[in-house]
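Inspection log for the structure reproduced underneath, given as structure tokens.
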Amino acid sequence: MDKISIVVPCYNEELSLPYFYDEIVRVAEEMKNEANFEFIFVNDGSLDKTVEVLRDLRKKDSRVRYISFSRNFGKEAAMYAGFKAVTGNLSVVMDADLQHPPKFIPEMYKGIKEEGYDCVATRRVKRLGEPKIRSFFAMRFYGIINKLSDTNIVPGACDYRMMTRKMVDAVLDMSEVNRFSKGIFSWVGFNTKWIPFENVARVAGETKWSFKKLFAYSLDGITAFSTAPLQASSFIGILFCVIAFIFGLVTFIKTLVFGEPVAGFPTLMCAMLLIGGIQLLMIGILGQYISKMYVETKKRPIYIVKETEEDI
Ligand code: UDP
Ligand code: MG
């Protein structure tokens, strides 16, 4: 008999959790001849009654386990903590808001057991119910990161996936603090089957991702999985040195041949501003990477647990 561990990061999900639980239990019932289940909820420092809801679920169902963080560490940390806790030979990670429909779990199971994949993942093909501007930037993001990075990231790829124990262990071995799971899942390799699905609306509560947070997250993703911006800075730096050298030579010869016609104040200002700007930009890129290295070298924990089901 297989054991499927369902990992669910939860941040302020008191309203969605009861719906989620009902649906996932239905799937577990449907698959009761093939697999046992455990549900690992990771309460990522919620400010609402999420942890109370989890305690109640645990009391009535011993398959429910939970890990409660001491504060909000982010979805990436919550997934990591969940994977660390899994005991099943198969693991699924999914959102608590039913935007990741549990009905795909039997299909994922088949993909791994019968078709021999290591991972069956979902990708969103239509972004209905999402602001147009957000979809636009999302598509640009996939374009940019796939150009810059050797790690291929499938457009619309969701975290929602089922993985074998081996793949989960590989993901856990990547213990970096700046976690970008879309990149991590791809970097570890393994055969992945993709299930396309259409976006569904949240069952309750609201999204925790503002545009600003998403933008910062996408920059994190690019700097975590690509050093191309660093190389670009050296390239642009060299280019501008060459341009400056040619410009200087031309001015020198011109002055020798024709004499100094007008005071070159405007040209000088333009060149200075431009080069100054480029320098600042490049220093900024260096700063991005150095700040990441600084955080990584501290080897801080990715999350801190305050309570689990063993405490009640
Ligand atoms: N989440 C989390 N920590 C956070 C933000 C989100 O654990 O800091 C969880 C959240 O509870 C949900 C999942 O991550 O289960 C996806 O979040 P959300 O639905 O807000 O994102 P969206 O679906 O809008 O991208
Ligand atoms: Mg959601």
*Residue-wise, which Karplus ³J(HN,Hα) couplings in Hz belong to the range 161-174, taking 6.51 cos²θ - 1.76 cosθ + 1.60, θ = phi - 60°, and x for glycine or proline?*
6, 10, 9, 7, 4, 4, 5, 4, 4, 5, 5, 5, 5, 8
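May I have the convex hull volume per residue, in Å³, for the Cα set of the range 184-290?
That works out to 209 Å³ per residue.
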*Over 18 Å between Cα atoms, which of LYS3/LYS110; LYS84/LYS213; LYS166/LYS298; LYS32/LYS113; LYS32/LYS110; LYS113/LYS166 qualify?*
LYS84/LYS213; LYS166/LYS298
*What residue among GLY116, GLY45, GLY88 has the largest mean-square fluctuation in a Gaussian network model of the chain, using Cα springs under 10 Å?*
GLY116
*Which peptide among 59-68, 249-258, 179-188, 25-34 comes first, and what is the full order, when sorted by highest mean count of other Cβ atoms within 10 Å?*
179-188, 59-68, 25-34, 249-258
*Could I have the simple spin-label model distance between THR87 and ASN199, label points 7 Å from Cα toward Cβ, reported in nm to one decimal?*
3.9
_If you average the C-alpha positions of the range 1-31 and of the range 224-260 separately, how far apart do those two centres end up, in angstrom?_
59
*Using a Gaussian network model of the chain whose springs link C-alpha atoms within less than 10 Å, name the residue from ILE153, ILE133, ILE246 with the highest mean-square fluctuation.*
ILE246
_Theoretical FRET efficiency, 1/(1+(r/R0)^6), r = Cβ-Cβ of VAL305 and LEU280, R0 45 Å, to 0.05_ = 0.60
*Taking only the alpha-carbon positions of the range 124-246 and ignoring solvent, what does the Debye formula give for the base-10 log of I(q)/I(0) at q = 0.12, 0.21 Å⁻¹?*
-0.58, -1.37
_Rg over Rh [alpha-carbon atoms, Kirkwood Rh] for the chain_ = 1.14
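Using a cut-off of 13 Å between beta-carbons, work out the net charge of the residues near VAL154 (Lys and Arg +1, Asp and Glu -1, VAL154 not included). Don't jump to the answer; show the numbers that get you there.
Details: positive: ARG123, ARG124, ARG161, LYS182, LYS193; negative: ASP159.
Local net charge: +4.
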*Cut-off 15 Å, label 7 Å out along Cα→Cβ of LEU47, residues of the range 1-29 by amide N*: 11-14
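Averaging over all projection directions, find the projected area of the Cα convex hull of the range 30-84 and quote it in nm² with one decimal place.
Working: hull surface 18.4 nm².
Taking a quarter of the hull surface, the average projection is 4.6 nm².
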*How high is the FRET efficiency between ILE290 and LEU214 when r is their beta carbon distance and R₀ equals 30 Å, given to the nearest 0.05?*
0.80
_For the range 102-166: span of alpha carbons on each principal axis (Å, largest first)_ = 39, 31, 16
_For a quick check, take a GNM of the chain with Cα springs below 10 Å and name the residue from SER218, SER226, SER234 with the largest mean-square fluctuation._
SER234
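Quote the relative contact order of the chain in percent (integer), defining contacts as alpha-carbon pairs under 8 Å separated by 6+ residues.
Details: 447 pairs, mean separation 69.3, N = 312.
RCO, the chain: 22 percent.
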_Please list, ordered by chain and number, the residues whose modelled amide H lies under 5 Å from the amide H of GLN99; skip anything fewer than 5 residues away on the same chain._
VAL203
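Given a Förster distance of 45 angstrom, what is the FRET efficiency for GLU30 paired with LEU239, based on the Cβ-Cβ distance and rounded to 0.05?
Values: r = 61 Å, r/R0 = 1.35.
Taking R0 as 45 Å, the efficiency between GLU30 and LEU239 is 0.15.
Can you quote the Å³ per residue value for the convex hull of the Cα atoms in the range 47-189, rounded to an integer?
Details: hull volume 21.6 nm³, N = 143.
Taking only Cα atoms, the range 47-189 has a hull volume of 151 Å³ per residue.
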*Check VAL93: other-chain or 5+ apart residues with amide H under 5 Å from its amide H, H built from backbone geometry?*
VAL7, ARG161
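Per the Kirkwood treatment, what hydrodynamic radius in Å, one decimal, follows for the range 1-123 from the mean inverse distance over all distinct Cα pairs?
About 14.5 Å, per the Kirkwood formula over Cα pairs.
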*Read phi for every residue in the range 146-152 and hand back ³J(HN,Hα) as whole Hz from Karplus 6.51 cos²θ - 1.76 cosθ + 1.60, θ = phi - 60°, with x for Gly and Pro.*
6, 6, 7, 10, 6, 7, 7
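Laboratory data are not the source of any read-out in this text; all were calculated from the coordinates shown. The model shown is predicted, which means the values in this text are computed figures rather than measured ones. Reconstructed Cβ throughout: ideal geometry from the backbone, glycine too, with neighbour counts over all protein chains shown.
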